[in-house]
Amino acid sequence: MMTHKLRRLLLPITLTCLIIISVALSIYIWSNPSRYERENKVSTTSSNSTLATRTIDDIYLPTQLIHTDSAGKQTLLINKNVSLVSQFKEQISKWKAESISKVRITSAKSYAALLNGDDSYVLNFPDSVTVSMFNTIFNQNLKNFRSSEFSRIVIPINDTDHLYLLNDSKHQIYSVHLKNKSLTSMKQVLQANKVKAIAVKMTYENNNTYIDYTQPVKMQHYSYLMSKLSASETANRLLDADGNSTVTVHNRNGSQEYTTGSYKRMTVNTKLNTVYFEDYSDLGSTRQLSFTSQLQKSYTRLVALGVPMDNIRYYGYDATSRSVIYRSYVEGFPIFNQTENGDVRIQMTSTGQDRYYFSLDSLQVPVPTTGKKQSVTLPSSTSILKQLIAAGYKDSKIGTIELGYQWSQNKSSKLVIDLTPTYYVYYNGAWRTYTSMLSGS
């Protein structure tokens, strides 16, 4: 009984101590402006090496592993203790990709047949990457088709020397010839009792693959202690990388604006704790970056931001704005609502401008959840689509229905973030929860 009481008291005591420390540090920083530049520059130098703990091949890993059995039944496989996708990465990295060739596909039906082929594994990326990035991620050296794009890797179980790279938008298929292909160790990992199988169905239509959750899904609820980056330290990192510039700050109607010279500006929304950074130092220069270069260079920019990268993964590319998009993930599921868009955006324009948008808040360590919040059972995405159409939403405007987590402030502590499982619907160009759409809010 005493042990139970101590456990109940431990979390609020810990949070209270953290709040006191946070407040004390904030007061110290604001009450010592003369120390602002020198001390933060020192801490910036030391923090870059500790924050950039994830390599480019980890950031650009696929996020989903789907298995199709001999009867055509498909399941999304996850393990809360081990990343199954990372396990596949280790396996593929041991194979030798000897050559790549383009497969002639004449119809979407033929494409879908390979995508949903019996006895296979599919590794899904959230959006397109290139064959060059495949080399980087899986430690290979394919020499042809390096600029070609794909978003799915199909690994037939009974084919001893091939895997396939699939491009949804043009239903193109690339065949990779392998040496030393073996799935023996992966079969042992996947046969473990802790692997969770969620019933899904991949449907290919209109040059897109949709993941339908065909049965109700039981998802874990999480709470995390929140970490807050220092705005002043972030300003020094982005505005004064060489240590020779003077950073000034101005308060402007609910925001703080940091500038150095007339070429760089960082604006902090103090209410949302988000950052919008603009760099015009190369304005007017012409740069023609390939898609691969944009993915690689945006990773370098992501590291420079200093945001904790433990949970961050590549999420997509916006060709209109030339922005690479990253998002935080838990167990392979994306987190929304951390910012207005719920993501980190790195924009590199052809005229030399750089723009970054991100949050100073991030997830630090999980805290225990108790009672009814431990798990949530969601309906199938198939039934949700029917409900949305019945409620008057146009099928033509409903895009992806994605299973993910909603970021929200814990009601008991400002330092705790609750992650609630839900479906997000891409409707008419924006992400919305299915519950808000059905309730009309």
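The values are calculated or read from the model by the stated rules, or taken from the named source; none is laboratory data. Because the structure is predicted, anything quoted here is derived from the model rather than measured. Reconstructed Cβ throughout: ideal geometry from the backbone, glycine too, with neighbour counts over all protein chains shown. SASA here: full protein model, heavy atoms, side chains in, ligands and nucleic acids out. Shrake-Rupley method; radii C 1.70, N 1.55, O 1.52, S 1.80 Å.
Summary of values
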quantity	calculated
Whether region 307-384 is rounded, prolate or oblate, judged on the alpha carbon gyration tensor where a/c under 1.5 counts as rounded	oblate
Percent carbon-and-sulfur accessible area, the chain, ignoring ligands, DNA and RNA, probe 1.4 Å	50 percent
On Cα atoms only, tilt of 36-51 relative to the major axis of the chain in degrees	20 degrees
Gain in span if fully extended, K194 to T382, counting 0.36 nm per residue against the direct Cα distance	65.0 nm
Residue among G316, T136, V330 farthest towards the positive dipole end of the chain, charges placed on Cβ	V330
Max mean-square fluctuation residue, GNM over the chain, Cα-Cα springs under 10 Å, options T184, T160, T234	T184
Angle in degrees between helix 2-31 and the longest Cα principal axis of the chain, rounded to the nearest 10	60 degrees
Selection from M348, S147, Y164, by position along the positive dipole direction of the chain (Cβ)	Y164
Gain in span if fully extended, N141 to S107, counting 0.36 nm per residue against the direct Cα distance	9.3 nm
Mean ellipticity per residue at 222 nm, deg cm²/dmol - from DSSP H runs of n ≥ 4 across the chain, formula -39500 (n - 2.57)	-8500 deg cm²/dmol
Under 18 Å from the N180 label point (7 Å along Cα→beta-carbon), backbone N, region 79-123	87-100
Links that overshoot a 32 Å alpha carbon limit, given the list K109/K187; K89/K394; K196/K271	K89/K394; K196/K271
Extended-chain gain in nm, criterion 0.36 nm per residue less alpha-carbon gap, S86 and D395	107.7 nm
Mean separation of Cα contacts under 8 Å (6+ apart) over length of the chain, as relative contact order %	16 percent
Residue-normalised accessible area of the chain, given per residue in Å² at a 1.4 Å probe	50 Å²
Across K297/K414; K201/K414; K143/K297, pairs whose alpha-carbon gap is larger than 29 Å	K297/K414; K201/K414
Pairwise label distance in nanometres, S436 with Q409, each label 7 Å out on the Cα-Cβ vector	1.6 nm
Under 12 Å, Cβ to Cβ, from A197 - net charge with Lys/Arg +1 and Asp/Glu -1	+3
Residues with amide H under 5 Å from that of E98, placed H, sequence gap 5 or more	H177, L178, K179
Helix 291-305 axis, angle to the chain major axis (alpha carbon atoms, nearest 10°)	30 degrees
Shape of region 345-416, Cα gyration tensor, a/c cut at 1.5	oblate
